[in-house]
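Chemist: Can you keep this structure in mind? I'll have questions shortly.
The values are calculated or read from the model by the stated rules, or taken from the named source; none is laboratory data. Keep in mind the model is a prediction, meaning the values are calculated, not measured. Cβ placement follows ideal geometry from the backbone for every residue including glycine, while neighbour counts extend to all protein chains displayed. We work out accessible area using only protein heavy atoms, side chains counted, and drop any ligands, DNA or RNA first. Shrake-Rupley method; radii C 1.70, N 1.55, O 1.52, S 1.80 Å.
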Amino acid sequence: MWQRSPSDGKMAGETSESSGTSLLHDAAATASKPRHFLKDVIFHGKFQLLNCLTPEENTGCQHGLYFQDGERRVDYILTYHIKKPSSSRSNRQSSRFTDNAFTRSLRRGTARLGRAPPPQPRGDPEVASQDHSMDYHVDDKRLHREEFEGNLRDMGMELEKDEDTKTPGVGFVKIHAPWHVLCREAEFMKLKMPTKKVYEMKQSTGVGAKINTLVNKVTEPLYPNVEDNRTQNIKHLSYMFSREKQHLFDLSDRDSFFDSKTRASIVFEVLKRTKCTKAKYSMGFTSLLGSGVYTDAYPLHDGDLDGENVEPNDRKLLYEEWASYSVFYKYQPIGLVRKYFGEKIGLYFAWLGLYTQMLIPASLVGVIVFLYGCATVDDNIPSMEICHPKNNITMCPLCDRACSYWKLKEACGTARASHLFDNPATVFFSIFMALWAAMFMEHWKRRQMRLNYEWDLTGFEEEEEELKDHPRAEYELRVMQKSLKKEHKTQKNPTEIAEETTNKWKQTVQSAMAGLQLTEKEKLTCRDRLPAYMTNVVMMLLMIGVTFAIVFGVILYRISTKTALHMSNNPTTRSNVRLTVKTTAAIINLVVILILDEVYGAVARWLTVLEVPKTDKSFEERLIFKTFILKFVNAFTPIIYIAFFRGRLVGRPGSYLYVFESYRMEECAHGGCLMELCIQLSITMLGKQLIQNNLFEIGIPKLKKLIRYIKSKRRSFQEEEREKKLQRYETDHFLEPFAGLTPEYMEMIIQFGFVTLFVASFPLAPLFALLNNIIEIRLDAKKFVAELRRPVAARAKDIGIWYNLLRAVAKVAVIINAFVISFTSDFIPRLVYQYMYSPDGSMHDFVNHTLSYFNVSNFQDGKEPMDPQHQVEMCRYKDYREPPWSNTPYVISKEFWAVLAARLAFVIVFQNVVMLMSDIVDWLIPDIPKDISLQIHKEKILMVELFMKEEQGKIQFIDSMIPCGGKEKHNNHAPIARSRSIPHTHSHTHANNF
């Protein structure tokens, strides 16, 4: 009955029950413990087990990182709801046990015979509560749990329950994967593990090596204080783990060979493969979570972050060297992040770190461009002409009736501010940012390839495809519902059903097998998903329409507010109409964007759930696509309107374009719409970063922590002491579940759009993005380490669909910046005037050239100013039209067509030149660094040599075992031996040709 596990030397199938307050429970525990407990203590010297009799006094057991024996580590936790009896909290009883082989076989045998399973100990709260009132739903969940946990034990897992916790209503199942299970699953998952073979990585020589050495010395203070913070010259040769080739690996310390991250991912794979088949339909692990059989599932963090006598662990090291704001200037310990959280999260933070580093040169160039605009504002001839005191140009009213004529020199401040962002350096900066985006993409591909080599991820895509194909709980539920409908249509008549019920055991087995086969055959087709697809299309169009409607509403707000402020009696209010309207409208747009961001995120998730994707990968990709479309449209629609549509559909004095026959379309300021675009872009970008990052990601967790602190003040001293003694799995239970990397990536992709799409109008965007990301890295790090449950490590070779979105944004940015420079700014009109119409090749009289004349007698009835402050006959407006005294008054002039042709030509030339330069950068920079390609090739050669040496050793061993008298016979069979060894070696060579 008591067998030792061949893998780790521990007792397999033990039963250990903790003492409780019930005397009967103590008696049962006493009867079962001596059979293995005293034997371990006396004969095997496991004196540390004595401390486990009092878990509150044992540090290892109290922290909840180990089983009750203090040796087996908890690799995974399952939680479920338990129904507590009506007795007081002090009378709760413990149910910590590990089933032995006898009780498991007894339960399975009674289940086969159709009888109820043996009663649980009296300390089981669920069974005790059933004595008063039978809850069939809860009992059904309990049976599912028993079957699932039994199947897990059959898979080799070791389980231990704990229902006597300080978390009311929650039971915990602790799962431990023994050594033989870890080896088996690592081989199934084709995990690459380091072998004993160590080789030296090739280092560069010559000038490059000296430069690298100098750079390393200079940047020495920027590296975190962790073991793997620097690139090492020695690397272990990695190979896919195999139980037949364990001699290749260093197994001297089995406890640390598979780290906690790998152990948790192995257990998670076993959980996903394990199913409940005794029910009518097969239920997988995700279905059990979705139906409430289990409420949560998560791996444990390695330990505490702070406190007295906290043992060193990777989590504490990450908190000190990565998640602290005091180390904001240091590099991230990406290797340690990958070791603790897995490759997928490690790649995200590596990408975010590289993106932040690449923002440094972009920020410097952007600041230089801005300073150039500040330095040349006093030398700008057009703004000097507008601000000249002798300028007496009278402009046409900005609105009907309420607005009066105004002098052009009143726009002096706007004209000078526009030059800060609308100058020749802006064109250079746009080209620079397009090339910067291309270099960032290439640099990331090289960085990604280097990480793949360092993390032993080269050539694993084909191996991962099969492992990712686990159906989601919602998909299984929909397939089950579809199967039920088909079964209901083919249901038998009641008399046959009544006859079959006489044999319950036969009916149960047949229905379970039929349900399993039917579920495996059924799948959701496009016809099943057609209503969901139609709903997706309609809702996506509706949400985009809502965004357009809100933008149109803000337009009406600007028009009406401008008219109302012009009617004010306060001269200060009338003089600051434009600034007031621009700023308030931008703030309204920001508030709406923040609100709709949350709404669109929820809508995108709801629409994706309706589609019922089969796998988590498919679900994530569809969710990302919908969320990106909605949030991108939400963030950039107001900006696109200002950049390309505002001031284009206005008309002219005497023939303006109206909305709803009363709202006149708004015009751009005399300096163009670029200044207004800059205001809208800066407020939206800074507002999203400050509010979403600081308020949502920092403020809300702080508020929750404050509320918990206030509640704790109201508790008694005993309650506070109870909180201090929570087990590790209880503490992690109260952390927020990991919701994926989609929100983190989405936030950065939208920011990347702000940095690249309209950078011609706001050269300081990279600087503000850099400052935000310095905080964002540490903020995300603190959230992952201290505020979230530990996610299951996921292997990933790249950042997936996000890279395609980045490339798409970078390509679109080239086109948008070309249109911003040519149509939104005055760069092209200035060039056309300087080289075609200026008498001396200078910019003198450029302002007068861009203004057309209008005879005030041609105003429509009821549209002229009510109280004109100036008696004028002619007013000016910005457009290229013929004067009223010409043969074709107010017709578009030839200058307009010349400027339009130049603008279109600039767009075509700019787009093709910049994209050609980007392609050249892409071609010049190889995707794989040369040293990495050499190292990968070297690894293949070393692996072949390792297996050739192994085969030669086998042949020599066989030769040594053959007697001398049998050499002649051996020589006759030598070709056969060689023929057997060659294919063996070839197979290993082929397997390692990754």
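Chemist: Any residue that is acidic (Asp, Glu) and open to solvent by 50 Å² or more (accessible area, probe 1.4 Å) - is there at least one of those in the range 843-857?
Modeler: Yes, there is a match, as at least one residue in the range 843-857 is acidic (Asp, Glu) and open to solvent by 50 Å² or more (accessible area, probe 1.4 Å).
Chemist: From the list Thr394, Thr426, which residue is over 30 Å from Val913 (Cα atoms), in contact with a Leu (Cβ under 9 Å, 6 or more places away or on another chain) and either open to solvent by 10 Å² or more (accessible area, probe 1.4 Å) or not charged (D, E, K, R) (or both)?
Modeler: Values: Thr426 fails: over 30 Å from Val913 (Cα atoms).
Among Thr394, Thr426, only Thr394 is over 30 Å from Val913 (Cα atoms), in contact with a Leu (Cβ under 9 Å, 6 or more places away or on another chain) and either open to solvent by 10 Å² or more (accessible area, probe 1.4 Å) or not charged (D, E, K, R) (or both).
Chemist: Could you please find all residues in the range 752-782 being of a type in the set (A, V, I, L, M) and outside any loop (DSSP other than H, G, I, E, B)?
Modeler: Val755, Ala765, Leu767, Ala769, Leu770, Leu771, Ile774, Ile775, Ile777, Leu779, Ala781
Chemist: Does Phe758 fit the bill of being aromatic (Phe, Trp, Tyr), open to solvent by less than 10 Å² (accessible area, probe 1.4 Å) and at pLDDT 90 or above?
Modeler: Working: aromatic (Phe, Trp, Tyr): yes; open to solvent by less than 10 Å² (accessible area, probe 1.4 Å): yes; at pLDDT 90 or above: no.
Spelling it out, it is not the case that Phe758 is aromatic (Phe, Trp, Tyr), open to solvent by less than 10 Å² (accessible area, probe 1.4 Å) and at pLDDT 90 or above.
Chemist: Pick out the one residue from Phe370, Phe349 that is of a type in the set (A, V, I, L, M, F, W, C) and within 30 Å of the chain's Cα centre (by Cα).
Modeler: Exactly one residue qualifies, and that residue is Phe349.
Chemist: Check Leu767, Leu757, Leu771 and return the single one that is without any contact (Cβ under 8 Å) to a residue 24 or more places away in the chain and not hydroxyl-bearing (Ser, Thr, Tyr).
Modeler: Working: Leu767 fails: without any contact (Cβ under 8 Å) to a residue 24 or more places away in the chain; Leu757 fails: without any contact (Cβ under 8 Å) to a residue 24 or more places away in the chain.
Selected residue: Leu771, the only one of Leu767, Leu757, Leu771 that is without any contact (Cβ under 8 Å) to a residue 24 or more places away in the chain and not hydroxyl-bearing (Ser, Thr, Tyr).
Chemist: So, in the range 646-657, exactly how many residues are under 15 Å from Lys863 (Cβ atoms) and loosely packed, with under 13 Cβ neighbours inside 10 Å?
Modeler: Adding up the residues that qualify gives 2.
Chemist: Please work out which one of (1) farther than 30 Å from Pro926 by Cα; (2) exposed (fewer than 15 other Cβ atoms within 10 Å of the Cβ) is the condition Arg401 fails and give its number.
Modeler: All conditions are met except number (2).
Chemist: Turning to a different aspect of this structure: So which of Tyr319, Tyr329 ends up being over 21 Å from the mean Cα position of the chain (by Cα) and open to solvent by 10 Å² or more (accessible area, probe 1.4 Å)?
Modeler: Of the residues listed, the single one that is over 21 Å from the mean Cα position of the chain (by Cα) and open to solvent by 10 Å² or more (accessible area, probe 1.4 Å) is Tyr329.
Chemist: Turning to a different aspect of this structure: Of the residues in the range 172-198, how many are at pLDDT below 90, surrounded by 15 or more Cβ atoms within 10 Å (Cβ to Cβ) and assigned to a strand (DSSP E or B)?
Modeler: 5
Chemist: Looking at the range 866-883, which of its residues are over 24 Å from Pro382 (Cβ atoms) and either open to solvent by 60 Å² or more (accessible area, probe 1.4 Å) or at pLDDT 90 or above (or both)?
Modeler: Of all residues in the range 866-883, those over 24 Å from Pro382 (Cβ atoms) come to 866-869, 871, 873.
Within the range 866-883, Met866, Asp867, Gln869, Gln871, Glu873 meet the criteria.
Chemist: Is there any pair with a first residue in the range 878-893 that is closer than 14 Å to Ser655 by Cα and in a loop (DSSP other than H, G, I, E, B) and a second that is open to solvent by 30 Å² or more (accessible area, probe 1.4 Å) and among the hydrophobic types (A, V, I, L, M, F, W, C) whose Cβ atoms are under 9 Å apart and which are 6 or more apart or on different chains, and what are they?
Modeler: Cβ pairs passing all conditions: Asp879/Ile892; Asp879/Phe896; Pro884/Met874.
Chemist: In the range 820-836, is there at least one residue being without any contact (Cβ under 8 Å) to a residue 60 or more places away in the chain, open to solvent by 50 Å² or more (accessible area, probe 1.4 Å) and farther than 30 Å from Asp304 by Cβ? Spell out how you get there, then give the answer.
Modeler: Kept after step one, since they are without any contact (Cβ under 8 Å) to a residue 60 or more places away in the chain, are these residues of the range 820-836: 833-835.
Narrowing further to those that are open to solvent by 50 Å² or more (accessible area, probe 1.4 Å): 834-835.
Applying the additional criterion that residues be farther than 30 Å from Asp304 by Cβ yields 834-835.
Looking through the range 820-836, at least one residue is without any contact (Cβ under 8 Å) to a residue 60 or more places away in the chain, open to solvent by 50 Å² or more (accessible area, probe 1.4 Å) and farther than 30 Å from Asp304 by Cβ.
Chemist: On the given criteria, is Leu305 in the same structural domain as Arg447 (by the TED database), farther than 14 Å from Ala264 by Cβ and either under 23 Å from the mean Cα position of the chain (by Cα) or in a loop (DSSP other than H, G, I, E, B) (or both)?
Modeler: So Leu305 does not fit the description; no.
Chemist: Just a yes or no: is a residue in the range 555-565 open to solvent by 80 Å² or more (accessible area, probe 1.4 Å) and among the hydrophobic types (A, V, I, L, M, F, W, C)?
Modeler: No, that holds for no residue.
Chemist: For the range 716-729, check the following and say yes or no: at least one residue is under 30 Å from Val365 (Cα atoms) and either at pLDDT below 85 or open to solvent by 70 Å² or more (accessible area, probe 1.4 Å) (or both).
Modeler: No: zero hits.
A quick yes/no check of all residues on (1) modelled with pLDDT under 85; (2) open to solvent by less than 10 Å² (accessible area, probe 1.4 Å); (3) part of a strand (DSSP E or B):
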residue	(1), (2), (3)
His144	no, no, no
Gly156	no, no, no
Leu159	no, yes, yes
Ala209	yes, no, no
Leu214	yes, no, no
Asp228	yes, no, no
Gln232	yes, no, no
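Chemist: Additional query: Suppose we filter the range 374-391 for residues that are at pLDDT 85 or above and either open to solvent by less than 20 Å² (accessible area, probe 1.4 Å) or in a loop (DSSP other than H, G, I, E, B) (or both); how many remain? Even if it seems obvious, please write down each step before you answer.
Modeler: Keep residues of the range 374-391 that are at pLDDT 85 or above, which gives 374-387.
Still in the running and either open to solvent by less than 20 Å² (accessible area, probe 1.4 Å) or in a loop (DSSP other than H, G, I, E, B) (or both): 377, 380, 382-383, 386.
Looking only at that region, the number is 5.
Chemist: Here is a follow-up. May I ask you to verify whether Val591 is closer than 27 Å to Met685 by Cβ and open to solvent by 40 Å² or more (accessible area, probe 1.4 Å)?
Modeler: yes
Chemist: Would you please list the contacts, defined by Cβ atoms under 7 Å and residues six or more apart or on different chains, that run from a residue in the range 905-918 that is exposed (fewer than 15 other Cβ atoms within 10 Å of the Cβ) to a residue that is among the charged types (D, E, K, R)?
Modeler: As it stands, the answer is none, since no pair meets every condition given.
Chemist: Since Ser618 meets every condition but one in (1) modelled with pLDDT under 90; (2) open to solvent by less than 10 Å² (accessible area, probe 1.4 Å), which condition does it not meet?
Modeler: Going through (1) modelled with pLDDT under 90; (2) open to solvent by less than 10 Å² (accessible area, probe 1.4 Å) one by one, Ser618 breaks only (2).
Chemist: Mind listing whichever residues of the range 404-414 are touching a residue at least 12 places away in the same chain (Cβ under 8 Å), in a helix (DSSP H, G or I) and open to solvent by 20 Å² or more (accessible area, probe 1.4 Å)?
Modeler: Correct list: Lys409, Glu410, Cys412, Thr414.
Chemist: Can you name the condition, by its number, that Asp798 falls short on among (1) modelled with pLDDT of 90 or more; (2) open to solvent by 40 Å² or more (accessible area, probe 1.4 Å)?
Modeler: In the conditions (1) modelled with pLDDT of 90 or more; (2) open to solvent by 40 Å² or more (accessible area, probe 1.4 Å), Asp798 misses (1) alone.
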